[in-house]
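Please find one structure pasted underneath; my questions will follow.
The values are calculated or read from the model by the stated rules, or taken from the named source; none is laboratory data. Small disclaimer: the values here were computed from a predicted structure and weren't measured. No Cβ is skipped: glycine too gets one built from the backbone with ideal geometry, and neighbour counts run over all protein chains shown. Accessible surface areas use protein heavy atoms only, side chains included; no ligands, DNA or RNA. Shrake-Rupley method; radii C 1.70, N 1.55, O 1.52, S 1.80 Å.
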Amino acid sequence: MAADSRSEDYPQEIDEQLTGFHSSVSSVKTMLEKLMAMPRSDLQKLDPLDQAKLDLMSAYTLNSLFWMYLVTQGVNPREHAIKQELERIRTCMNKVKEITDRKKAARLDKGAAARFLRNAFYDPKEKDSRRKAADETPAGASQSKRPKQS
């Protein structure tokens, strides 16, 4: 009989959508309970980038829930200030993503690049000519051609 009263409360066509919505809200509730159960000291041990990600995720989640609440109350959320807030949070999330991507980007090791290029363009004849030029210079002579100033 309880199943019959449910079908009378709303149209049968949206039963599947409501079931999906209910399971999504339940999973969000479970995740939020886990997050709220964590001691605040554990969350403060995170590095600043991870803390920013956590704060942004929390703010986005709460604002999204408020968006859903507005929809259930018959208010158009696209005309509400929540839309601008969600866009602001999204831009912040994109900035954090850019920072994360920059950290992951490959760094150029200038010394290794110079060695790589030097070895890629290695010419044994050129090395011999440099060695001969070095042998011709007297050992005590300085490399500088400037005269001594007194």
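Quick one: which helices (runs of 4 or more DSSP H) lie wholly within the range 52-150 and hold at least 1 residues that are within 25 Å of Ser26 (Cβ to Cβ), at pLDDT 70 or above and touching a helix residue (DSSP H, G or I) at 6+ places or on another chain (Cβ under 6 Å)?
82-104
Working only within the range 26-46, note down all residues that are polar (S, T, N, Q) and within 18 Å of Leu62 (Cα to Cα).
Ser26, Ser27, Thr30
Inside the range 34-48, can you point out the residues that are open to solvent by 90 Å² or more (accessible area, probe 1.4 Å) and not in a loop (DSSP other than H, G, I, E, B)?
Listed by number, the residues that qualify are Lys34, Met36, Arg40, Gln44, Pro48.
I would also like to ask the following. In the range 1-33, how many are part of a loop (DSSP other than H, G, I, E, B) and either surrounded by 10 or more Cβ atoms within 10 Å (Cβ to Cβ) or at pLDDT 85 or above (or both)?
1
Is it the case that some residue within the range 49-66 is open to solvent by less than 60 Å² (accessible area, probe 1.4 Å), free of Cβ contacts under 8 Å to residues at least 24 places away in the same chain and of a type in the set (Asp, Glu)?
no
Sticking with this structure for a sec: Just for the range 96-119: of the residues that are over 28 Å from the mean Cα position of the chain (by Cα) and not aliphatic (A, V, I, L, M), which one is nearest to Leu54 (Cα to Cα)?
Gly111
In this structure, is Ser41 among the polar types (S, T, N, Q), free of Cβ contacts under 8 Å to residues at least 40 places away in the same chain and closer than 30 Å to Tyr10 by Cα?
No.
Tell me the residue from Met68, Met93 that is among the aliphatic types (A, V, I, L, M) and within 16 Å of the chain's Cα centre (by Cα), please.
Every option except Met93 fails the conditions.
Cβ-Cβ under 8 Å, sequence separation 6+ or interchain: first residue in the range 24-37 and within 19 Å of Tyr69 (Cα to Cα), partner at pLDDT 85 or above and β-branched (Val, Ile, Thr). Which pairs?
Val28/Thr61; Leu32/Thr61
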